[in-house]
Amino acid sequence: MLRDAVRSLAEAKIAPHAAAVDEEARFPQEALDALVANDLHAVHVPEEYGGAGADALATVIVIEEVARVCASSSLIPAVNKLGSLPVILSGSEALKKKYMAPLAKGEAMFSYCLSEPDAGSDAAGMKTRAVRDGDFWVLNGVKRWITNAGESEFYTVMAVTDPEKRSKGISAFVVEKSDPGVSFGAPEKKLGIKGSPTREVYLDNVRIPADRMIGEEGTGFATAMKTLDHTRITIAAQALGIAQGALDYAKGYVKERKQFGKPIADFQGVQFMLADMAMKIEAARQLTYAAAAKSERGDSDLTFQGAAAKCFASDVAMEVTTDAVQLLGGYGYTRDYPVERMMRDAKITQIYEGTNQVQRIVMARNLP
Ligand SMILES: Cc1cc2nc3c(=O)[nH]c(=O)nc-3n(C[C@H](O)[C@H](O)[C@H](O)COP(=O)(O)OP(=O)(O)OC[C@H]3O[C@@H](n4cnc5c(N)ncnc54)[C@H](O)[C@@H]3O)c2cc1C
């Protein structure tokens, strides 16, 4: 029922704008409005904080169905989870009450600020600094590649509180867009997910009350990694949705397009490509849903499973979208058809929330 409801909404209210959102590289406001109106913008927020209380699998299905028509728009529910999960996992009761209610109501979005210009895969090498000053912390630094920066009201920011301790000297904070000293860089000009704004976040003497720290001092990096264990599954869902969208489009096209006097769907070479695409998608779906169930239960092998789902599903998305372009021939290579956008959008799922090389490092360290 959830899938049907999200699919109908996505097809009616999000899909019609997907090409323009990409072409104009603009924020998908129509998608945000539609998702908020239907309480699908941040489904993961627990009911006790005013949210829909969706479990990890339901959240995955929402993201998958939105990504099937518009990957940029699927970053709204995905990044709302990514940004706010540190607070849900490790924050004080007061922080949860304060920040989850506006997120659940759709009055505010949440972003996640881990990466920096010189600290990507090696996130613990970050330089952003937080220094205690009485009842306040003062933050200085630059966060890079922040999804929905400028659009979000709230930001989970990881910063160094003790430079001697590397990852154990990093703490997490909630920073608000309106805090004096917060500003944003120009939107990045990207290959895909062009509707999802990616900007730098500048922190210039941002003075915030000490109770905005998420969890204990020095636990920020652990919280950031624990968050990714759960949210990599949402990137797998996004990849899955993009791949399914490409397969669905190609499936329809091959029945219509005629060459050599018959639909190209009649050629076994084409049928074999479609069979492989569907087989890979289904394998990615099973891995992703199993990982979502593990996320919900907090199973001990979640770290491996989340990394495996993200890595596998994103590689599948890249292969399937590339094959979809192939099946449309020259038409697939143009912006008159959606599959080239899907191919460009798929690429990011192999890069963010840890590149697929990093996922393999994570898997190797956590072999089942
Ligand atoms: C559109 C977009 C949105 C993003 N959104 C966010 C966000 O909201 N919040 C956030 O914090 N970050 C975000 N990111 C950042 C993203 O997570 C990083 O780009 C990613 O982790 C890679 O870091 P990097 O770009 O610095 O690449 P690098 O770390 O410089 O990697 C370059 C290459 O080296 C490889 N490599 C690095 N180390 C190793 C190793 N040990 N072994 C093998 N290979 C290695 C990488 O796999 C990659 O192929 C976003 C990025 C993009 C592009």
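What value in Å³ per residue do you get for the convex hull of the alpha-carbon atoms in the stretch 137-286? Let's see the in-between values first.
Numbers: hull volume 22.3 nm³, N = 150.
So the per-residue hull volume is 149 Å³.
Under 21 Å from the Cα of residue 96, which lysines turn up, not counting those fewer than eight places away in the same chain?
List returned: 81, 105, 177, 226.
With N set to the number of residues, divide the alpha-carbon radius of gyration of the chain by 2.2 N^0.38 Å and report two decimals.
On the way: Rg = 20.6 Å, N = 368, 2.2 N^0.38 = 20.8 Å.
It is 0.99.
To the nearest 20 Debye, how big is the dipole of the chain about its Cα centre, given +1 on the beta carbon of each Lys and Arg and -1 on that of each Asp and Glu?
Result for the chain is approximately 600 debye, rounded to the nearest 20.
Just want the ordering: 270, 320, 138, from fewest to most Cβ atoms lying within 10 Å of their own Cβ.
Lowest count first: 138, 270, 320.
Which value does Rg/Rh take for the stretch 137-207 over its C-alpha atoms, Rh per Kirkwood?
Expressed as Rg/Rh, it is 1.01.
Out of 247, 95, 75, any idea which swings most in a Gaussian network model of the chain, alpha carbons joined below 10 Å?
Its mean-square fluctuation being the largest, the pick is 95.
Sort 211, 22, 4 so that the residue with the fewest other Cβ atoms within 10 Å of its own Cβ comes first and the one with the most comes last.
Placing the least packed residue first, the sequence is 4, 211, 22.
Near the amide H of residue 214, under 5 Å away, which other amide H atoms are found, from residues 5 or more places off or on another chain, if H is placed in the peptide plane?
Close amide H contacts, sequence-distant or interchain: 172, 173, 174.
Loop by DSSP (not H, G, I, E, B), at most 14 other beta-carbon atoms within 10 Å: where is the longest site-free stretch of the chain for trypsin sites (Lys or Arg not before Pro)?
Here the longest run is 190-334.
If I model a spin label as a point 7 Å beyond the Cα along the Cα-Cβ vector, how far apart are those points for residue 37 and residue 300 in nm?
Spacing of the two 7 Å Cα→Cβ label points: 4.9 nm.
Quick one: what are the phi-derived ³J(HN,Hα) couplings along the stretch 178-195, Karplus 6.51/-1.76/1.60 with θ = phi - 60°, whole Hz, x for glycine and proline?
7, 5, x, x, 8, 8, 10, x, 5, x, 5, 8, 10, 5, x, 5, 5, x
Starting at the first residue of the stretch 354-366, write each ³J(HN,Hα) from the Karplus equation 6.51 cos²θ - 1.76 cosθ + 1.60 with θ = phi - 60°, in whole Hz, x for Gly and Pro.
Going residue by residue, I get x, 4, 5, 5, 5, 4, 5, 5, 4, 5, 4, 7, 10 Hz, with x marking Gly and Pro.
Output wanted: per-residue J couplings in Hz (rounded whole) for the stretch 288-305, from phi through Karplus 6.51 cos²θ - 1.76 cosθ + 1.60, θ = phi - 60°, x for Gly and Pro.
5, 5, 5, 5, 5, 5, 5, 4, 5, 7, x, 4, 6, 9, 4, 4, 4, 5
Just to be sure I understand the model, the point goes 7 Å from the Cα along the line to the Cβ. What's the resulting residue 186 to residue 271 distance in nm?
5.3
Taking only Cα atoms of the stretch 241-345, what ratio of Rg to Rh do you get with Rh as the Kirkwood inverse-distance radius?
Numbers: Rg = 16.0 Å, Rh = 14.6 Å.
So for the stretch 241-345, dividing Rg by the Kirkwood Rh gives 1.09.
Using 7 Å Cα-to-Cβ label points, what is the residue 140/residue 94 separation (nm, one decimal)?
So the label points at residue 140 and residue 94 sit 2.7 nm apart.
Which of the GluC sites (Glu not before Pro) found in the stretch 213-316 are in a DSSP loop and have at most 14 neighbouring Cβ atoms, other than their own, within 10 Å?
The qualifying sites are 216.
Could you tell me the center-to-center distance, by alpha carbons, between the stretch 217-266 and the stretch 345-365 in angstrom?
15
Where a number appears in this text, it was derived from the coordinates with a stated rule and is not lab data. Source: prediction; values computed, not measured. Neighbour counts run over all protein chains shown; Cβ positions are idealised from the backbone, glycine included.
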